[in-house]
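Notes for the one structure printed next.
The values are calculated or read from the model by the stated rules, or taken from the named source; none is laboratory data. Since the model is a prediction, treat every value here as computed from it, not as a measurement. All Cβ positions, glycine included, derive from the backbone under ideal geometry; neighbour counts span all protein chains shown.
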Amino acid sequence: MPTYLLTLAYDGTHYHGWQRQAGHPTIQEHVERALAAIDCPGVHVEGAGRTDAGVHAVGQAAHVVLPRPFQPERLQLALNANLPPDIAVQAVRNAPDGFHARFFARGKRYVYRVCVSPVRPALGRSHYHWVRRPVDLAAMRVAAQCLPGRHDFASFATNPGYARKRGTVRTLHHVHVVRRHYGFDFAVQGDGFLYNMVRTLVGSLLEVGVGNRPAEWLGAVLRARRRSAAAATAPAAGLYLVRVLYHQDLSPAGVMPGAAAPEGEHDE
């Protein structure tokens, strides 16, 4: 049975996240319904990660194993014809047998958008985190210099049980604070992320940005390795999953083609 890699975009405002939940609308549920509508009932869609309620995506990845073959372009058109307008399949790609969207991912890229204004935004309130106080981007950039590299990010994980079971050491490859006309973006790419890690990093960086903490405080929080040392978790509305990273040939993460696959991480 053929395997396909789907790239999805969605506005998470009206959904309780990616993962199917009884009694609540989710992205996974709607994609599986769309598959059932094209004569593929009972197909499970496996995402590369489980975005939370209110979190958006422009490059979520998921794989499906279908009972019959489709041309990728036709599968994309058919799914989009049966999805609600705030969910879209951006691309469909043939994947090798055994491909897994989560276990084969070698990294993810997120962006968190912050609107800085003394007046609350009338439009797009579900797509930005609003901060009314002026923000010192230079101080935030200095504070963020401690984040790239391989570290124990336990201070920024909001689910202690998850963290203990799967470990809290991750590698961040790129960390940027980018000025925008509406405020700024916090952009980060790494090999994996703990539950609510990006949002807690943003909440802590904002403590520096609004002048509540000095820039060196963030490094002390990182070294503390306890959640109570960091600031409050920023709201879900500003977070976007931008891209899930794979090898070009969709081979397992960290493995050369033809080699055995490692046990995959379950980062979210």
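Before moving on, here are some points about what is shown:
- Any hit, the stretch 177-187, residues being small (Gly, Ala, Ser), in a loop (DSSP other than H, G, I, E, B) and more than 30 Å from His100 (Cβ to Cβ): no
- Selection within the stretch 73-99 - crowded, with 18+ Cβ neighbours inside 10 Å and farther than 17 Å from Glu32 by Cα: Ala95, Phe99
- Residue within the stretch 211-232 that is under 30 Å from Thr13 (Cβ atoms) and in contact with a strand residue (DSSP E or B) (Cβ under 7 Å, 6 or more places away or on another chain) present: no
Residue-wise test of (1) free of Cβ contacts under 8 Å to residues at least 60 places away in the same chain; (2) buried (at least 23 other Cβ atoms within 10 Å of the Cβ).
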| position | (1), (2) |
| --- | --- |
| Arg170 | no, no |
| His176 | yes, no |
| Asp185 | no, no |
| Leu218 | no, yes |
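- Among the conditions (1) surrounded by 21 or more Cβ atoms within 10 Å (Cβ to Cβ); (2) touching a strand residue (DSSP E or B) at 6+ places or on another chain (Cβ under 9 Å); (3) not assigned by TED's automatic domain parsing to the domain that holds Ala143, Pro252 misses just one, which is (2).
Rundown of residues vs (1) touching a residue at least 40 places away in the same chain (Cβ under 8 Å); (2) in the same structural domain as Ala22 (by TED's automatic domain parsing); (3) under 23 Å from the mean Cα position of the chain (by Cα); (4) surrounded by fewer than 20 Cβ atoms within 10 Å (Cβ to Cβ), yes/no style:
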{"position": "Ile38", "(1), (2), (3), (4)": "yes, yes, no, yes"}
{"position": "Gly54", "(1), (2), (3), (4)": "yes, yes, yes, yes"}
{"position": "Ala57", "(1), (2), (3), (4)": "yes, yes, yes, no"}
{"position": "Gln60", "(1), (2), (3), (4)": "yes, yes, yes, no"}
{"position": "Val64", "(1), (2), (3), (4)": "yes, yes, yes, no"}
{"position": "Pro67", "(1), (2), (3), (4)": "yes, yes, no, yes"}
{"position": "Val114", "(1), (2), (3), (4)": "yes, no, yes, no"}
